Amino acid sequence: MTFSKILIANRGEIACRIIRTARNLGYQTVAVYSDADRSAPHVSLADEAVHIGASPAAESYLRIDTLLEAARKTGADAVHPGYGFLSENAGFAQACKDAGLVFIGPPASAIEAMGDKALAKRRMLDAGVPCAPGYLGEAQDDATLISEAKKMGYPLLVKAVAGGGGRGMRLVRADAELQAGIEGARREATSAFGDGTLMLERLIDNGRHIEIQVFADSHGNAVYLGERDCTAQRRRQKVIEEAPSPVVSAAMREAMGRDAVAAALAVGYQGAGTVEFIVDANLKHYFLEMNTRLQVEHPVTEMVTGYDLVEWQLRVAAGDVLPAKQADIQLKGHAIEARLYVEDPYAGFAPQTGKVLWWQPQDALYAGVRIDHGIEQGSDISPFYDPMVAKVIVHGRDRNDAIRRMRAALANAPLLGLRNNGRFLSDLVDHPAFRNAAMTTTLIDQWLEQGEPLLQASEPTGAIWMLAAVALSVESGVSWRADSVAAFDMNLQSGKATCALRVLPDRSGKVTVTQDGASVQVQVLHFANGRLRYTIDGVSRSAIAVLHQGQLHLAMDGHSYVFSEVSAFPSADALQDASRARSPVAGKVTQISVAAGDEVQNGQPLVCVEAMKMEMWLSAQAAGTVAAVHAKVGDQVESGALLVELTLQAATE
């Protein structure tokens, strides 16, 4: 099969990554974009681009007819689905074939066989591959699911059969959580995949998530390219991935690889695929699922094998033989990938939306560092898609080398403007549980419940407060070079912390900042376009500082903070008002559990808002009566939008 122009039916960093490899091989590329992505980097990176609809994925990236029309209009003769969206949709693969397009992925029959998690598990059981106990029946009523769950015992997973990436999945540890788990998984699966069918699976508690990368061609050849350890997860979504796994021996790798290749060949697989296993404390592996697409974490495999897996995809789709035989594939060194999310790990991982004020990833591209991303400075992050905006990938001679490079790369490529998990990722790879290969798939969730210090936001130190005062003074237009200089007071706030400082400039260009009786003299050497170079006590250092709408965003030494001057007269909106329940994020209202006139108790759920594929419940902060509900299911709301008004219950003595 020959083709010359590839339409990428995706967005963000994976679209950019596919475009670059396609261009290297001489293919032309076509990008598609929704309203929200009109100015996204992948649009300008491609040779051509086609608008495909409104911002919600269901009205753009999930529209098969619109994507096929975009291919027709541009003369594209192949389609690469990336991952997510329609990448594991057998109907899309078949529609591409019917339209005369090369689908750069496995045949529709293989996607159907492995894309249905229950059907895939049945095939594995027939093939003798060990699987965790579960329910795979066709009956989907709540009563049946609840009955089967109670027979199976806890803990268990409620999983969407069409799911992936942790979507449509709920962990249930007790009867009291089961009904909500079923409803939540079904609702999320229907929204994300258009299919609410569920299965149940006994959880291998405190296990490790290890997957095998497989590749097959149309000539009957299949290989595995080692494993990836994806154990560091939150809510069943991967956070850190590495290759090779620190717990897998050569013999275990061979056994898992052999099972994975057999699974691929059993369904007539072609292209890139990943067979996922859960590994218990005795290092016994159980089949979880097969992802019939390129994985988010494929770069770590590329780093340790030296192969470009997207290039392999394109060559296999063109009918070529696999570029390497099993004996040729060797793993060299160690690679780690960290997923950069615009979510606040210190506030329950709430997703964030807004403008990217600083993003210069080239500052971190030293030897052994790669950053895949689909944003740029000035990008607007919307609530419509996944909160992952970049992947930081490093390669080292060994695992310790890779960890050191990862921490340096995260420090050198700060993202400012939106709260994100950059600092958390740096702390996580340095945590004893990670360094000692003692992570489990549920450990981060346990930390969240237990108040692990890793998930507590750190307050600025005295030196950071002082530097912020200097930077804010300069950016706000205060000059210390005038003929007349005088000290002035500055009250700053960062998060919930506040600090009173005194700033004294002099005519030589230096400024003395005093906090709690301790003084530091700072000389600003250069401050332009967000880059701050300064000297303290004869030592010159650098920081990133950006002023936006009265707030100073500051990054240095791997930390980032937001500072603002404290107003002597805070607005009413700045005060917490329990009578007004406001949306914590920009997103879509998916559930409303109260109506005007209802009595509610403190902590009672009111409204559920979905943003970036994550559901967040807004709860009452005090007892009272619902005075008004200002939203309906399906509404798209802004962050801070008033959703519910309460008449608070009068306090009793």
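Read the figures in this text as sums done on the coordinates, not as results from a lab. Please read all numbers here as calculations on a predicted model, not as lab measurements. Cβ sites come from the backbone with ideal geometry, for glycine too, and all protein chains shown count toward neighbours.
Report note on the peptides 14-23, 635-644: ranked by the mean count of other C-beta atoms within 10 Å, highest first, their order is 14-23, 635-644. Relative to the dominant Cα principal axis of the chain, helix 117-127 is inclined by about 50°.
Axis of helix 399-412 versus longest Cα principal axis of the chain: the two differ by about 50°, to the nearest ten degrees. Tell me whether the range 267-362 comes out rounded, prolate or oblate; compute the Cα gyration tensor, take square roots of the eigenvalues as a ≥ b ≥ c, and use a/c under 1.5 as the rounded threshold. Note, shape of the range 267-362 comes out prolate. In a simple Cβ point-charge model (Lys, Arg +1; Asp, Glu -1; nothing else charged), the range 159-208 has a dipole of about 140 debye relative to its Cα centre. Overall form of the range 5-104: rounded. Here a/c, set by the Cα gyration tensor axes a ≥ b ≥ c, is under 1.5. The mean of 1/r over all pairs of different alpha-carbon atoms in the chain, once inverted, gives a Kirkwood hydrodynamic radius of 26.7 Å. Summary value for the range 331-379: 30 percent relative contact order, contacts being C-alpha pairs under 8 angstrom separated by 6+ residues.
Between ALA99 and ASP47, the modelled labels are 1.8 nm apart [label points 7 Å from Cα along Cα→Cβ]. Which one of LEU322, GLN233, ILE204 is farthest out on the positive end of the charge dipole of the chain, using unit charges on Cβ (Lys, Arg +1; Asp, Glu -1) and the Cα centre as origin? Working it through, the farthest residue towards the positive pole turns out to be LEU322. Given a Förster radius of 22 Å and the C-beta distance between ALA139 and GLN591 as r, what FRET efficiency does 1/(1 + (r/R0)^6) yield to the nearest 0.05? Plugging the Cβ-Cβ distance into 1/(1 + (r/R0)^6) gives 0.30. Distances between every pair of Cα atoms in the range 52-171, grouped in 10 Å steps from 0 to the bin holding the largest one, split as 12, 34, 28, 18, 7, 1 percent.
Under the convention that each Lys and Arg Cβ holds +1 and each Asp and Glu Cβ holds -1, the size of the dipole of the chain around its Cα centre is about 1260 debye.
Multiplying the residue separation of ARG531 and GLU638 by 0.36 nm and subtracting their alpha-carbon distance yields 35.3 nm. Between helix 142-152 and the chain there is an angle of about 80 degrees, using the helix long axis and the longest principal axis of the Cα atoms.
Legend: Rg and Dmax of the range 133-202, from Cα coordinates, 10.6, 29 Å.
Annotation for the range 406-512: trypsin sites (Lys or Arg not before Pro) lying in DSSP loop with at most 14 further Cβ atoms inside 10 Å of their Cβ are ARG481, LYS496, ARG507.
Relative contact order of the chain: 9 percent, from C-alpha pairs under 8 Å at least 6 residues apart in sequence. For the range 462-565, the square roots a ≥ b ≥ c of the C-alpha gyration tensor eigenvalues yield an a/c under 1.5, which makes the shape rounded.
With a cut-off of 9 Å between beta carbons, the residues surrounding ALA40 carry a summed charge of 0, where Lys and Arg count +1 and Asp and Glu -1.
Sorting the segments 111-119, 149-157 by their residues' average number of neighbouring beta-carbon atoms within 10 angstrom, most packed first, yields 111-119, 149-157. For the range 5-104, the relative contact order works out to 30 percent when only alpha carbon pairs closer than 8 Å and six or more residues apart are counted. The alpha carbons of the range 217-338 occupy a box of 40, 28, 27 Å along the principal axes, longest dimension given first.
If R0 equals 45 Å, the separation of the Cβ atoms of ASP577 and ASN206 corresponds to a calculated FRET efficiency of about 0.60.
Taking 0.36 nm per residue of sequence separation and removing the Cα-Cα distance, the ALA433/ALA487 pair yields an extension gain of 14.6 nm. Considering the range 572-648 at the alpha-carbon level, its Rg and Dmax are found to be 11.4, 32 Å. Looking at this model, which pairs from LYS117/LYS151; LYS117/LYS632; LYS325/LYS613; LYS117/LYS613; LYS332/LYS391 are more than 32 angstrom apart at the alpha-carbon? Cα-Cα > 32 Å for LYS117/LYS632; LYS325/LYS613; rest within.
Fully extending the segment from SER567 to GLN450 would add 38.6 nm, taking 0.36 nm per residue of separation and subtracting the current Cα-Cα distance.
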